[in-house]
Every structure is written in structure tokens, then in C-alpha cells.
Amino acid sequence: MGRIAYVNGRYVPHGQAVVHVEGRGFQFADGVYEYFAVFDGKLADAAGHLERLWRSLSEIRIRPPMTEAALMIVMRETVRRNRVRDGAVYLQITRGTAARDHAFPHPDTPPSVVVTAKSVDFRAEQAKADRGVGVITTPDNRWGRCDIKTVGLLPNALAKQAAREAGAYEAWLVDDLGFVTEGASTNAWIVDADGTLRTRDTNANILRGITRKTLIDLAEEAGVKVALRPFTVEEAKAAKEAFITAASTLVLPVVRVDGAQVGDGKPGPVGLRLRALYEQNARETAV
Ligand SMILES: Cc1ncc(COP(=O)(O)O)c(C=O)c1O
């Protein structure tokens, strides 16, 4: 059985899953998205992702196309039709289709909704975590509303490509003062020389990662000291450990920053423990 996508009210074969040429997402990146990890066919951290989705929609003034409950039904059905046990769901909502004009279309224009689901080999992902990954650093040249999870991801895509061309997995974006903001598609963390877990506070121009938020709670419950304080690239290189978080990576140890080894160049105990705690909690609380 082939993959199935949900597009504006229909479940269609992946190869025929298309949106209109005058879709506002295609023309203006005028839309928002979410990405959920799926465990045992259920959505991880669903409440957090839905809450952020509603906030993103509200910030750019797209009216929700359906209730949260209806959206959950569509996402679960997409998971079911794709026979996903462990994997991910991608959800995109745009301002819909209208004759091309920068200003908003008529308020009756229905938003466009797309949902896809895929399987992920979490054993391979665990093997990647056990090896650790490298990151490069590059200037953060994004717009000033990175708290909105918009589909306008060109700076992120360029940064990620630069990382891949440098043989690294992720790009850490760096502000004008030399502090890491976040990754191209992940939040950034270190365990500093004092053993304190550090990640940037969300007053900064970053995405309020749901994995980040859950992990802060889990780390504190596990007795790890957490400080919502930014770190420089030099601090990251001198850190005991580093890692990234996202629904797509869970907790993924970083062992190289711009080619410099972090700690002993192997994933550290804090990162690996937090990965296990996160995955266990996500499996237990998925709905
Ligand atoms: C720029 C950016 N930062 C952080 C994250 C991590 O967010 P979450 O943990 O909600 O997946 C993402 C995820 O897509 C992202 O694109």
C-alpha cells in the first residue's frame, strides 16, 4: 500500500497530493506548520504542539480551519492509513488559495490544510544518537518573528545545506553578540563547566520548541540544574556536553562544533539520559 496524504478534506495517494499554484503557502509562505513525533501510532506532546499551532495561527491571523479535536481525528486517520507505528506527522495550514495579491484574500477564503505521515526507524535514530553529530555555526539572518512556526524557512534551509556540505548534521545560528540562538530546525543546549544545563530563554527570537519545554521539566524532575541562559560558540566548544532537541531528532548529542571536539568527542551521560527520559515520557503520554 502506498502513502496517503490528507489535502483539504480528502485522503489522496501521495503522488496525487497537490495544492493550487495560487495557494498562499506556495506564493508567499503564508502559512504555519507543526511536526509531531509518533510513537505506537499516537502523537507525542500533542497538547503542546496544538497550543503552539493555535498561537501561530492567531499571530498571523489565519482562522483555525477546524477544531483541535477534528484536527486530531485527521492526523490520527492519516497515521492509520499510512500504517505508521513509530514515525512523524507533518501538518500545514495556509491562508488558502486566492488570486495573487500580497494583502489578505477575502475573509471567507478557506484555509488550506495538508497532513502527511511517515514511518521513522527509531533504532537507526538511536544509533545516530549513540555516535553523536557535528554542528557548524553561521550567522542568524532570519526575520524577527521566529516564535511563529511559519513555512517560510529559506534561511533555515540554506543554513542546513551549509551544514551538510561541511559534513555536519545541523547548523547553529549565531546572533550579533556571538550567542547561539538555536539550530536551523532544532533548539540548542549545552552542559556547561559547572554541570548546568543551558538553553536560550524564549524571550529571544527563537522557536519555542515543544521538545525543549517538556525536556526542561523532565531535567528538573531528574535533579539536573537548568538555566535559561544563552551561550556563545566558545562556551559550546568548551562545554562538557552539547545536544539539540526537536520532535524530529528528540534529544540528539552534539560532539563537534565547527570541527572542535565537545568534551571527549563522545555523547555525554546527561544528553543520553535525557534522551531516554524524553522518549519514555513521550511514549507514555502520546495520545
Ligand atoms: C527553528 C526551529 N527551532 C526549534 C525546533 C524544535 O521544535 P520542536 O521541539 O517543537 O520540534 C524546530 C522544529 O521544527 C525548528 O524548526
inquiry  = Report D for region 95-139 in µm² per second (integer): Stokes-Einstein, Kirkwood Rh on Cα pairs, 4 °C, 1.567 mPa s.
reply    = 84 µm²/s
key: In degrees, nearest ten, helix 154-165 long axis to first principal axis of the chain (Cα)   = 50 degrees
ask   = What pairs from 213/237; 42/118; 149/237; 237/266 go past 22 Å between their alpha carbons?
value = 213/237; 149/237
ask   = What does the accessible area of residue 277 come to, in Å² to the nearest 10, when a probe of 1.4 Å is used?
value = 50 Å²
query = Along its principal axes, what span do the Cα atoms of region 77-186 show, with the longest given first and each in whole Å?
reply = 50, 43, 22
task = Give the relative contact order (percent, whole number) for the chain; include only Cα pairs under 8 Å separated by 6+ residues.
result = 19 percent
task = Just report the Cα centroid separation between region 151-211 and region 88-134, whole Å.
result = 19 Å
message = Given a 1.4 Å probe and heavy atoms of the protein chains only, how would you sort 106, 49, 20, 14, largest accessible area at the top?
response = 106, 20, 14, 49
ask   = Give me the log10 of I(q) over I(0) for region 226-287 at q = 0.23 Å⁻¹, as the Debye formula computes it from C-alpha points; what are the numbers?
value = -0.98
query = For the chain, what does -39500 (n - 2.57) per DSSP helix run (n ≥ 4), summed and divided by total residues, give at 222 nm, in deg cm²/dmol to the nearest 500?
reply = -9500 deg cm²/dmol
ask   = What is the Cα convex hull volume of region 213-262 when expressed per residue in Å³?
value = 91 Å³
key: Estimated D of region 129-189 in µm² per second, where Rh is the Kirkwood radius over Cα pairs and Stokes-Einstein applies at 20 °C, 1.002 mPa s   = 180 µm²/s
query = Under 17 Å from the Cα of residue 240, which aspartates and glutamates turn up, not counting those fewer than eight places away in the same chain?
reply = 130, 192, 194, 258, 264
inquiry  = Which three extents, in angstrom, do the Cα atoms of region 7-65 have along their principal axes, listed largest first?
reply    = 34, 32, 17
query = What whole-number value in cubic angstrom gives the convex hull volume per residue for the C-alpha atoms of the chain?
reply = 130 Å³
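Taking the Cβ of residue 74 as the center, what net charge do the other residues with Cβ under 15 Å away carry, scoring Lys and Arg +1 and Asp and Glu -1?
Surrounding charge for residue 74 is +2.
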message = At 1.4 Å probe size, put 172, 143, 54 in order of accessible surface, largest to smallest.
response = 143, 54, 172
request  = Would you compute the Debye intensity of region 183-287 from its alpha-carbon atoms alone, equal scatterers and no solvent, and pass along log10 I(q)/I(0) at q = 0.12, 0.14 Å⁻¹ to two decimals?
outcome  = -0.35, -0.48
task = Quote the FRET efficiency, to the nearest 0.05, computed for residue 143 versus residue 217 with a Förster distance R0 of 35 Å and r equal to the Cβ-Cβ distance.
result = 0.75
query = Which sequence of 136, 206 reflects their accessible areas, 1.4 Å probe, from the largest down?
reply = 136, 206
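The values are calculated or read from the model by the stated rules, or taken from the named source; none is laboratory data. Computed from a predicted model, the values in this text were never measured in an experiment. Because the Cβ atoms are built from the backbone with ideal geometry, glycine has one as well, and the counts that use them run over all protein chains shown. For the accessible areas, the whole protein counts, side chains as well, though only heavy atoms, and no ligand, DNA or RNA atoms are used. Shrake-Rupley method; radii C 1.70, N 1.55, O 1.52, S 1.80 Å.
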